[in-house]
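Read through the structure below, which is laid out as structure tokens, and then see the notes.
The values are calculated or read from the model by the stated rules, or taken from the named source; none is laboratory data. What you see is a predicted model; the values in this text were computed from it and never measured. Please note: Cβ atoms are built from the backbone with ideal geometry, for glycine as well, and neighbour counts cover all protein chains shown. The area values use the complete protein model at the heavy-atom level, side chains included, leaving out ligands, DNA and RNA. Shrake-Rupley method; radii C 1.70, N 1.55, O 1.52, S 1.80 Å.
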Amino acid sequence: MKILITGVAGFIGSQLAKKILNHDINVVGIDNLNDYYDVNLKKSRLQQLEANSNFQFIKLDLADRKGMAELFNRHKFNQVVNLAAQAGVRYSLENPYAYVDTNIVGFVNLLEGCRHHAVEHLVFASSSSVYGLNTKMPFSAKHNVDHPVSLYAATKKANELMAHTYSHLYGLPTTGLRFFTVYGPWGRPDMAYFKFTKAILANQPIDVYNFGKMQRDFTYIDDIVEGVMKIIQRKPKADSNWSSETPNPSSSTAPYKIYNIGNNQSVDLMYFIKTLENALGKKANMNMLPMQPGDVKMTYANIDDLKTDFNWQPQTSIEEGLSNFIDWYTNYYRS
């Protein structure tokens, strides 16, 4: 058994690789190690994996068509998990081409590799950002998501459409996972909870958008990894109840499925900040600001399909998750 994980030096990719390696499975991980955020953090994540003889790291960019073709020619992958992406809603306003290169061009290269080398199952990261202007809560994978409000979200929606096309044309089993605000130890420094922690400890103000009137469905990293592990092992099948007259966007006549992975509850931003303050034992100095372009006011995941198909749902509370993050952060940065 050999699994390819793209974005293996990233937050979710590194923690998933660690979990898979614990099951004595061979993992090949690729990453371009770009400098969107601290490369040293990415290298620290990789160091945890490279001690395992079943792990091989290859520095490679998804957008490198020749390099990706050579990767698939050299290895026989049973499953592929695509977690490589140019992430971040706000950064997509500044550098749109980075999103097209990695999230669109790179994803086609990956699909082609899977198609031509008989990969048994492609699991790929989508995002809760695809819900865009939707306001019906909780967000369901059965809802229409044709109104994104950021280029990042648009590229993730495009990934879902592209994956479905390959499932339909070539019978490639594909499963897309809409992650909801993943947080925890080894997280991304561009995420709000990470920035807040750094600023509070440094006695600097934190930027609170929409004057604090926001809510997020925060999902702890260990829950995300457990969910992905379950999904990797179960290839999607054609939905026998699928109707072309009333199409369900989350399934198809092809071997294709979309799941939300969220905590199934929405946490008020001000409560989130208060919980962080309690974990740090320190008050935040808040800089209240208007809504940022590309942001949404609320996310909240309907995970009924996840519960039905796997008899599972995330369990970690925001209090426990933030406490674990603070423990890691203070140890890693010796604050």
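Looking at (1) surrounded by fewer than 19 Cβ atoms within 10 Å (Cβ to Cβ); (2) outside any strand (DSSP E or B), find the lone condition where Asp207 falls short.
If we test Asp207 against (1) surrounded by fewer than 19 Cβ atoms within 10 Å (Cβ to Cβ); (2) outside any strand (DSSP E or B), just (2) comes out false.
Tell me, which residue of region 2-43 that is on the phi > 0 side of the Ramachandran plot and not charged (D, E, K, R) is surrounded by the most Cβ atoms within 10 Å (Cβ to Cβ)?
The qualifying residue surrounded by the most Cβ atoms within 10 Å (Cβ to Cβ) is Gly7.
What are the residues in region 163-189 that are hydrophobic (A, V, I, L, M, F, W, C) and open to solvent by 40 Å² or more (accessible area, probe 1.4 Å), if any? Talk me through it step by step, then tell me what you get.
Going residue by residue through region 163-189, those that are hydrophobic (A, V, I, L, M, F, W, C) are 163, 169, 172, 177, 179-180, 182, 186.
Once the filter is applied, which keeps residues that are hydrophobic (A, V, I, L, M, F, W, C) and open to solvent by 40 Å² or more (accessible area, probe 1.4 Å), region 163-189 yields only Leu169.
Within region 284-322, how many residues are among the small types (Gly, Ala, Ser) and closer than 16 Å to Val267 by Cα? Break it down into steps so the answer makes sense when it comes.
We begin by selecting, within region 284-322, every residue among the small types (Gly, Ala, Ser); these are 284, 294, 301, 317, 321.
Now narrow it down to the ones that are closer than 16 Å to Val267 by Cα: 301, 317, 321.
Qualifying residue count for the region: 3.
Counting only residues that are in a helix (DSSP H, G or I) and not hydroxyl-bearing (Ser, Thr, Tyr), which one in region 110-146 is surrounded by the most Cβ atoms within 10 Å (Cβ to Cβ)?
Val130
Quick one: which residue in Asn103, Asn52 is among the polar types (S, T, N, Q) and open to solvent by 30 Å² or more (accessible area, probe 1.4 Å)?
Sole residue among the options that is among the polar types (S, T, N, Q) and open to solvent by 30 Å² or more (accessible area, probe 1.4 Å): Asn52.
Among the residues of region 26-50, which ones are closer than 22 Å to Asn78 by Cβ and more than 17 Å from the chain's Cα centre (by Cα)?
Listed by number, the residues that qualify are Asn26, Val27, Val28, Leu49, Glu50.
Of the residues in region 10-33, how many are touching a residue at least 40 places away in the same chain (Cβ under 8 Å) and assigned to a loop (DSSP other than H, G, I, E, B)?
Here the count works out to 2.
Could you count how many residues in region 153-203 are without any contact (Cβ under 8 Å) to a residue 24 or more places away in the chain and of a type in the set (Ser, Thr, Tyr)?
1
When Trp312 is evaluated against the numbered criteria (1) more than 27 Å from Gln233 (Cβ to Cβ); (2) of a type outside the set (Ser, Thr, Tyr); (3) in a loop (DSSP other than H, G, I, E, B), which criterion, by number, is the only one it fails?
(1)
Look at region 147-162 and say how many of its residues are part of a loop (DSSP other than H, G, I, E, B) and closer than 12 Å to Ser92 by Cα. Step through it out loud before you land on a result.
From region 147-162, those part of a loop (DSSP other than H, G, I, E, B) are 147-150; that's our starting set.
Then drop every residue that is not closer than 12 Å to Ser92 by Cα, which leaves 149-150.
Residues flagged as part of a loop (DSSP other than H, G, I, E, B) and closer than 12 Å to Ser92 by Cα within region 147-162 amount to 2.
So, in region 255-299, of the ones that are assigned to a helix (DSSP H, G or I) and over 17 Å from Gln215 (Cα atoms), which residue ends up most open to solvent (accessible area, probe 1.4 Å)? Outline the logic, then answer.
As a first pass, look at region 255-299 and keep what is assigned to a helix (DSSP H, G or I): 269-280.
When the remaining residues are screened for being over 17 Å from Gln215 (Cα atoms), the result is 277-280.
On the way: Glu277: 18, Asn278: 112, Ala279: 44, Leu280: 32 Å².
Only one residue tops the list, namely Asn278.
Can you tell me which of Ile200, Ile231 is crowded, with 17+ Cβ neighbours inside 10 Å, over 28 Å from Gln313 (Cβ atoms) and at pLDDT 95 or above?
Within the list Ile200, Ile231, the selection yields Ile200.
Out of all the residues in region 81-97, which are open to solvent by 20 Å² or more (accessible area, probe 1.4 Å) and outside any loop (DSSP other than H, G, I, E, B)?
Tyr91, Leu93, Glu94, Pro96, Tyr97
Please work out which one of (1) buried (at least 21 other Cβ atoms within 10 Å of the Cβ); (2) farther than 30 Å from Lys274 by Cβ is the condition Tyr193 fails and give its number.
(2)
Among the residues of region 213-228 satisfying the criterion of being surrounded by 23 or more Cβ atoms within 10 Å (Cβ to Cβ) and over 13 Å from the mean Cα position of the chain (by Cα), which is nearest to Glu120 (Cα to Cα)?
Restricting to residues being surrounded by 23 or more Cβ atoms within 10 Å (Cβ to Cβ) and over 13 Å from the mean Cα position of the chain (by Cα), the top hit is Asp217.
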